[in-house]
Amino acid sequence: MVNASKHSLLAQDVTRIFTNQFGSELLVLDKVSLSVKGSEIVGIVGPSGCGKSTFLRLVAGLDKQQGGTLLYDGAPVTGPHYDRGLVFQSAALFDWLTVYENIAFGLKARKVFKGQENKVSEYIEMMGLGGFEKSYPYQISGGMASRAALARTFIQDPGLVLLDEPLSALDAFTRMAIQEEIIRMHRLKGAIYLLVTHDIEEAIYLCDRVIIMSPRPGRIIGEIIIDLPHPRDRVDDAFIVKRRDVFDRLSGVVTEELTMEEVQYPMRV
Amino acid sequence: MMPASQLGKQTRFLPMPSRRMATLREVVFLLLPVAGILIALGLHLALPDVYPPQYEPSAYSLTLFVCLLIYLVFMIFACFFPKLRAVMLHLSGLLLVLFLLLEALDIGTLKTGILRLPFIPSPDKTLSTFTTHTAELGKSLLASLQLLLTGLAIGSVTGFISGLLMGWSRLCSYWLSPVLKIIGPVPGAAWMPIAVAFMPTSHAAGLFLIALAMWFPFTLMLSSSIRDTDKRLIEAARVLGASDAYLLLHVALPSSLPAIFTGMFMGLSNSFSALMAAEMLGVKAGLGWYITWAQGWGEYGRVYSTVGVFIIIFFTLITLLFKVRDHVLKWQKGLIRW
Ligand SMILES: Nc1ncnc2c1ncn2[C@@H]1O[C@H](COP(=O)(O)OP(=O)(O)OP(=O)(O)O)[C@@H](O)[C@H]1O
Ligand SMILES: [Mg+2]
């Protein structure tokens, strides 16, 4: 049973316009509204450049929207906070810190590290990083780096976890293995997860629902509830039906990018 | 051209020894410098001098003899310790050539008089500086080291502070960058007359020059590196709960360490010429001053031996800095080797 969580995220008509150095404006997010509660895992899929990362950055407090409101636990988002963890598209580990120190970074920055040494070791074991504590980022594989980046966020017990294509750079097998870790972590701690991904299979495997965004300007144009029981079987009929659902919704709106994507990860029907 | 198999490897005279005990082949290679020393010593003692020296000539043979003893001690250890052996095997060819060249110089000067005095003194004459003018040389060495190290310390500390301020705060950058851009690139020697005029003592002027030589590249490298800190890392730290101060000290600063070392290497090389300029143009002590003084008297032997001391200091300082850097930057791959 998933741990109960009382957190909530409410986005209402969130709009983000970028202005370039010549003053011309680019509407990236157009009135995006979304409400997530409890311990839901919500997938966000959409063509490249539609503003998925931009949305996550707004929720993380790293950027400011021009219009609309963003409420986390009922309070407006004003800046970054460790309760809203963000895992980047690239692992973004600190090169000068060992895996252990990277994972302990947040605790140390918040001055709560003392007495938590065991917790760090525990997360290292849980994320399958045992034996690599003393390695520097250049000494570990891409998969290990993703695991370390996830552990670095999970160890802070965030109520909201923002995952921006955390596994996109990995091979299929590593990706599947880490997907299991993510599910395990979610069961253990329970939190809202927002997962941006280009991999439809990943979205359906992990999420409770999948949000579909339009090409820029990004709008939410659909939502598919994935009510399949866990553990999910990737080649099961119901799973493939969901895949086709998401795929059809996307291909209706999408340009070449998606077709490229599907060439890379062909459906196993 | 290097064969492809050699790319990325450190150049070595012989392959890295793997066994604990030295092999016969390795011992033969280790003995090369010994042969060089013995040849030099033998020729030096056997051949007659062309002109009778005004002093007891002994410095050259003494030096060779001491070198022989030290080398033999090291060699015995090298037979049992593979790491030391690797280093010595690497050096053996170079040392052999060094001693042979030294003896060639001895023959060209003291033994035949082919090379012209006083500009090319015999090795014996040059080395005799160390035995006959030990006290003056020692005093000059201490004065130079004191000036150099104090200046470097001042330059590094001020460079660290101003680099940090300029990298982090726009306001500091606005006010300090004109200073940096205008006075930074001016070479040390050009400062000396001004520094002497404005500083209370010539010693203080020398300190100013050396500190400046270190301060400029240090500040430049550190401030630009802090300003260019990877934005992703800063954001990653922010979402993990880092405050501004924590970000500066635990993200911007460590990620700038490679740049700091680059700045320090540049500063160190600059500081050597600043030291020379200071001591030749104002400061009345130190090795640079001693060189000028010896040159004035046409004592080229002393000039060369003092230059030799300089080289040893510079080599040691640069090597030390490389060692510190290799330790501090062990998280970086692909460092430049020294
Ligand atoms: N700081 C910025 N300044 C100007 N434009 C930006 C900025 N950040 C993003 N954009 C623009 O906003 C749009 C959306 O970018 P975003 O990174 O959110 O896309 P995305 O949906 O995450 O794409 P991908 O799937 O390729 O990661 C892009 O067209 C991008 O050029
Ligand atoms: Mg993105």
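A:LYS37 meets all of the listed conditions (1) farther than 23 Å from B:ILE234 by Cα; (2) open to solvent by less than 50 Å² (accessible area, probe 1.4 Å) but one, namely (2). Taken as a whole, the condition of being without any contact (Cβ under 8 Å) to a residue 40 or more places away in the chain and outside the structural domain of B:PHE65 (by TED's automatic domain parsing) does not apply to B:LEU145.
Within region A:161-174, none of the residues are more than 16 Å from ligand 2 (Cβ to nearest atom), of a type in the set (S, T, N, Q) and closer than 20 Å to A:ARG209 by Cβ.
Scanning region A:89-104 for residues that are more than 16 Å from ligand 2 (Cβ to nearest atom) and either more than 12 Å from chain B (Cβ to nearest Cβ) or open to solvent by 10 Å² or more (accessible area, probe 1.4 Å) (or both) turns up A:LEU93, A:ASP95, A:TRP96, A:LEU97, A:THR98, A:TYR100, A:GLU101.
Within region A:24-62, being within 16 Å of ligand 2 (Cβ to nearest atom) and polar (S, T, N, Q) holds for A:SER48, A:SER53, A:THR54.
In summary, A:THR197 fulfils each of the numbered conditions (1) surrounded by fewer than 18 Cβ atoms within 10 Å (Cβ to Cβ); (2) within 16 Å of ligand 2 (Cβ to nearest atom) with the single exception of condition (1). Yes or no: region A:150-167 includes at least one residue that is within 14 Å of chain B (Cβ to nearest Cβ), over 20 Å from A:ILE192 (Cβ atoms) and crowded, with 19+ Cβ neighbours inside 10 Å. Within region A:150-167 (the criterion being within 14 Å of chain B (Cβ to nearest Cβ), over 20 Å from A:ILE192 (Cβ atoms) and crowded, with 19+ Cβ neighbours inside 10 Å), the answer is no, since none of the residues qualifies. For region B:30-132, the helices (runs of 4 or more DSSP H) that sit wholly inside it and include 3 or more residues that are closer than 19 Å to B:ARG302 by Cβ are B:59-80, B:82-106, B:123-132. Pairing each residue of region A:127-144 that is away from chain B (no Cβ under 14 Å) with any residue that is at pLDDT below 90, provided the two are 6+ apart or on different chains, yields C-beta distances under 6 Å for A:GLY142/A:ALA169; A:GLY142/A:LEU170; A:GLY143/A:LEU170. A:GLY51 meets the conditions (1) open to solvent by less than 10 Å² (accessible area, probe 1.4 Å); (2) small (Gly, Ala, Ser); (3) more than 8 Å from ligand 1 (Cβ to nearest atom) in every case but one. The failed one is (3).
For region B:147-155, the criterion of being assigned to a helix (DSSP H, G or I) and either open to solvent by 60 Å² or more (accessible area, probe 1.4 Å) or more than 30 Å from B:LEU212 (Cβ to Cβ) (or both) is met by at least one residue.
Conditions tested, residue by residue: (1) among the charged types (D, E, K, R); (2) at pLDDT 95 or above.
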site	(1), (2)
B:THR201	no, no
B:PHE208	no, no
B:LEU212	no, no
B:PHE218	no, yes
B:ARG227	yes, no
B:ARG232	yes, no
B:ALA245	no, no
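Within region B:83-112, the set of residues being open to solvent by less than 30 Å² (accessible area, probe 1.4 Å) and touching a residue at least 60 places away in the same chain (Cβ under 8 Å) comprises B:ARG85, B:ALA86, B:LEU89, B:SER92, B:GLY93, B:PHE99, B:GLU103, B:ASP106, B:LEU110, B:LYS111.
If only residues of region A:73-88 that are away from chain B (no Cβ under 13 Å) and touching a strand residue (DSSP E or B) at 6+ places or on another chain (Cβ under 8 Å) are counted, the one that is nearest to A:ASP13 (Cα to Cα) is A:PRO76.
The values are calculated or read from the model by the stated rules, or taken from the named source; none is laboratory data. Quantities reported herein were computed from a predicted structural model and do not represent experimental measurements. Cβ coordinates were reconstructed from backbone atoms using ideal geometry, including for glycine residues, and neighbour counts include every protein chain displayed. In case anyone asks, the SASA skips ligands and DNA or RNA and just uses the protein heavy atoms, side chains included. Shrake-Rupley method; radii C 1.70, N 1.55, O 1.52, S 1.80 Å.
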